[in-house]
């Protein structure tokens, strides 16, 4: 295991057979993300990164991913789009006033760092909507929890997007203690 070394791991996403997805067997991509303790770039040769997509949710994973996305946006003079995909109202139970609350910390960070951002919202399957939106971007920055399950009913959204997106995806794997 690589420890205390700065850097980034660049790999290509490996497809996983459908039966492995259905049974929740961990993919090679998940093992890499969990073991290296570094950001992993699933490269699709979509540089220069001029349009960056930042998926947001109610998770505390938003802040580390947002900080990286903001740094990249500023360094590369790129545009930033924050996007949230909620489950349908009958599943999520969210009220209309709750829908955009998850983007408030991201908006505050953008104001602090003087980065303009666009915001998009969708209802439905997060992987499907994020992959569709990624077609208009050069880089997606996402965070995930270390050891996240990945099955049909409980997908690891970051790794599913990394596998299906037409652009590069930067995945930050976080442990629960940091």
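Going from the fewest other Cβ atoms within 10 Å to the most, the residues 112, 53, 70 appear in the order 112, 70, 53. Shape class of the range 133-174 from the Cα gyration tensor (axes a ≥ b ≥ c, square roots of the eigenvalues): oblate, since a/c reaches 1.5 or more and a/b does not exceed b/c.
All of the numbers you see were taken from the coordinates with simple rules; none came from a lab. Being a predicted model, the structure only gives us computed values, none of them experimental. No Cβ is skipped: glycine too gets one built from the backbone with ideal geometry, and neighbour counts run over all protein chains shown.
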